[in-house]
1. If contacts are Cα pairs under 8 angstrom and at least 6 residues apart, what is the relative contact order of chain A in percent?
2. Based solely on C-alpha atoms, express the radius of gyration and the Dmax of the stretch B:181-241 in angstrom.
3. Starting at 0 and stepping by 20 Å, how many percent of the alpha carbon pairs of the protein assembly as shown end up in each bin?
4. Using the 7 Å Cα-to-Cβ label point, sort the distances from A:LYS31 to its equivalents in the other copies shortest first and give them in nm to one decimal.
5. Compute the signed sum of charges (Lys and Arg +1, Asp and Glu -1) over the other residues within less than 13 Å, Cβ to Cβ, of C:ASN177.
6. Average partner chain C-beta neighbours within 10 Å, per residue of A:151-159?
7. Which order do the peptides B:61-68, A:178-185 take when ranked by the mean count of other beta-carbon atoms within 10 Å per residue, highest first?
8. Okay, helix-only estimate at 222 nm for chain C: each DSSP H run of n ≥ 4 adds -39500 (n - 2.57), divide by all residues, round to 500 deg cm²/dmol; what do you get?
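FYI, it's all coordinate maths here, none of it is from the lab. Since this is a predicted model, take the numbers as computed values, not measurements. Cβ sites come from the backbone with ideal geometry, for glycine too, and all protein chains shown count toward neighbours.
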Protein chains: 4
Amino acid sequence: MKSNLSKRAAFAAIALGLLAYTNTQAQETPKPPKMVPEMTEFWEPAVRVVTPAANNAAPSDAIVLFDGKDLSQWKAKDGSGEAKWQVKNNVFTVGKGDISTNKEFEDFQLHIEWSAPDEVKGESQGRGNSGIFLQDRYEVQVLDNYNNRTYSNGQAGSIYKQHRPLVNAMRQPSEWNVYDIIYTAPRFKEDGSMFTPARVTVLHNGVLVQNNTEVKGPTEYIGLPEYKAHGKAPISLQDHGNPVQYRNVWIREL
Amino acid sequence: MKSNLSKRAAFAAIALGLLAYTNTQAQETPKPPKMVPEMTEFWEPAVRVVTPAANNAAPSDAIVLFDGKDLSQWKAKDGSGEAKWQVKNNVFTVGKGDISTNKEFEDFQLHIEWSAPDEVKGESQGRGNSGIFLQDRYEVQVLDNYNNRTYSNGQAGSIYKQHRPLVNAMRQPSEWNVYDIIYTAPRFKEDGSMFTPARVTVLHNGVLVQNNTEVKGPTEYIGLPEYKAHGKAPISLQDHGNPVQYRNVWIREL
Amino acid sequence: MKSNLSKRAAFAAIALGLLAYTNTQAQETPKPPKMVPEMTEFWEPAVRVVTPAANNAAPSDAIVLFDGKDLSQWKAKDGSGEAKWQVKNNVFTVGKGDISTNKEFEDFQLHIEWSAPDEVKGESQGRGNSGIFLQDRYEVQVLDNYNNRTYSNGQAGSIYKQHRPLVNAMRQPSEWNVYDIIYTAPRFKEDGSMFTPARVTVLHNGVLVQNNTEVKGPTEYIGLPEYKAHGKAPISLQDHGNPVQYRNVWIREL
Amino acid sequence: MKSNLSKRAAFAAIALGLLAYTNTQAQETPKPPKMVPEMTEFWEPAVRVVTPAANNAAPSDAIVLFDGKDLSQWKAKDGSGEAKWQVKNNVFTVGKGDISTNKEFEDFQLHIEWSAPDEVKGESQGRGNSGIFLQDRYEVQVLDNYNNRTYSNGQAGSIYKQHRPLVNAMRQPSEWNVYDIIYTAPRFKEDGSMFTPARVTVLHNGVLVQNNTEVKGPTEYIGLPEYKAHGKAPISLQDHGNPVQYRNVWIREL
């Protein structure tokens, strides 16, 4: 018995020793030397200073697309000349024909305020309908969705007919809505095929409704979207026959 | 000559005919039948209604993390009990020890306002330093960077020691800064390895400073970040020894 | 004159001095200290060893889904019991009803070889049609596309009705085709909405035909795909009425 | 009683009726009309035909970078002229100085076979070390890791000093290893900043070791990688002082 016990004890000791040895081996791989804090502190390039403004006004590096006075930054989309929508009291109202910015853009942050017509008329897509076409192709829907049901992927804050908004954050018709839109343009390969799709983040009255959403292609009223290669392009606003109002429009190139 | 000409004409005709035939063939692949507009209109599921507020106040579906009165939504991060930072005039000020929310979060939109100490003291990282730790791990830097140079990836609006902000949109010390943060939590595989990294969008005073930026891992003061699997986790605020002030904090789960 | 010259020279000197001083200032931001090579050398965790095989045979960590002998790793997809497709000469041939693996998978690398029926019959989708349903939902098309035109997004190597293959790398009917498929499963949020889409890379006979392609949702013969939350799921093979042959099927969980 | 019962019955009926009506209303949102299969069948553009080869030989659309005979597709990387590494028995062996392809590439699929030196000598990074520099900057490590431990992110199949391989799929020194590499080049913005990082998928002897891995920047032996804008660039092979052998090299532009 005694010797048996010793044997077992000996084997146990050997087993423990081997285990300890194995652990030692496993622990013996080199550890990276400790870094110092400054090794992950990068001073260059310096960060550009921008002066923010109060009350949603344009920060210092923004291009003001509407300053309340005139539509000199815009033109008729159909090439017929000036943008002829009416400007009054720091506001412009949808008139005949779509309008586009003179300047063309790639990636940007866009601030735009809009108000549904004061007179509530029509329903579903017929009530206070307009739209903001990013790069002239990808529509963020503008619609009076206050107590007005329509198809979910056609609501205010939707990527029209592609992605419904996360929530409906509409204000009522007499009040102003704010869109803050962060847009990353699509990129294309040399052969014209899509390399990366457009992406859009939208805050509607400060509430997130699109979170870096992948755009499926140019907005289509009928059928499925399909990317076609393009370069920089303007922002366009849609005339859908309703007197939607806009104000305080600025854009920052990213 | 004449016959030669005829021959050439004949060959030309044949060539043209073949070309036309080829084109015909090429054009003969079926075209998808035209869809009708309603085929891309989806009414269900309906979009949830959220009532937005004015002046950066919490929308109807937000969890208010600080309403101006008390820190009942917070606790000491070290487990020692209540959050003991001072509350006064609808503002709370960094005190002893980090604090964390009682509630834990995954993906969210966070609104938080902060003001550098009124007395401008120290420089670089020593001036008005605090921080917002998303899921207790990933820091959006809070720092008085108004006329105060520091390393670019340690500025206000940086993902600390990982990504410098796109621009420096600081207000001066006596004024309030606003962060609107959209956060997508990292996901992990069953074996604990990282599946998708955390992503952060930050607007600083309405100006984009992080655009769906990919977080490299938990914030490290020394060395390189490395993901470790985790679940829902609180928001934490850092005590860096400076009396930074906070107010109007709310969060929306995404 | 002389004094004028001196003045100008003095101003020039001052200007140059200021410029030099400015440059000096600009260059005076701290530079991160130099690291040593070992700081970016990580020994742990160790990398697991896998023994590769020759001639497309299963590596040591693969689950063999068909070893040439029987379909014991498969069952009838409709729940009626055993997979009853015929096995002969190390090959199994599409029979009555779809079949599915017993085991369920999330992310994986799948190797599968297939041969169009020796007798060339039918055209377009009618010739040698079958399909590999990843997680029982997302189809990589199997079709005899050798000198057989069909719609581009329905070809062999397509994500059926969603993404055409980059090229058509078909072998002729008497020869075996090889698919090497790398699949990342979609992930879903707690509310059932899609968090990340499925992604698929496909090599067809060693030629890339899908490159981390984003799957739009479950394969639909009619209409538009739409994600619905699910967990692990089997690989299924489609009975489309054509005696397509399969062999050498193995899978590695990722 | 009777009349009471009737009243209650009447109210119950009304309640049920209202409930039914409400349900009807809820269900009354329009449903998209059913599509027909052809609406998601796209015949154009047609898919280009590529003839695959057997035994890892180049498919019909590949550029053969080494056909067993000479290094005419390569040059010395340092600009000193021809690639002078030795060619013998359909194999070329690492000689003095790195070599680069004459042609420059953006996105591609690269097939390359390599063999560690027959004489096993040295350990860790000193045994059979070479490397494949994608776009001259991003290294897929080549190393004899058969029974040779080194740091995990420096192993064969690693993105050197950035990402360890998923597994170690090495063959022993007398045998040939195969890399199939799918590479997506980084894209840059006009200001030179990174827009999308490089991405790499690597199969090592048919086993996945990198799955669309995001490259952190150019390979650095010392310190942290940082992207700098560049255009098309060659494939380079590294002379690390060990006689690593290469054969059967071809590339397909994507």
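1. Details: 532 pairs, mean separation 60.8, N = 254.
Taking the mean separation of contacting Cα pairs over the length of chain A, I get 24 percent.
2. 13.3, 40
3. For the protein assembly as shown, the pair-distance distribution reads 11, 35, 36, 15, 2, 0, 0.
4. 3.1, 6.5, 7.1
5. With Lys, Arg at +1 and Asp, Glu at -1, the neighbours total -2.
6. Details: counts 12, 8, 5, 5, 2, 1, 1, 1, 0.
Counting Cβ atoms of other protein chains within 10 Å of each residue's Cβ and averaging gives 4.
7. Details: B:61-68: 17.1, A:178-185: 21.5.
Going from most to least packed, we get A:178-185, B:61-68.
8. Details: 1 runs with 26 residues, N = 254.
The helix contribution divided over chain C gives -3500 deg cm²/dmol.
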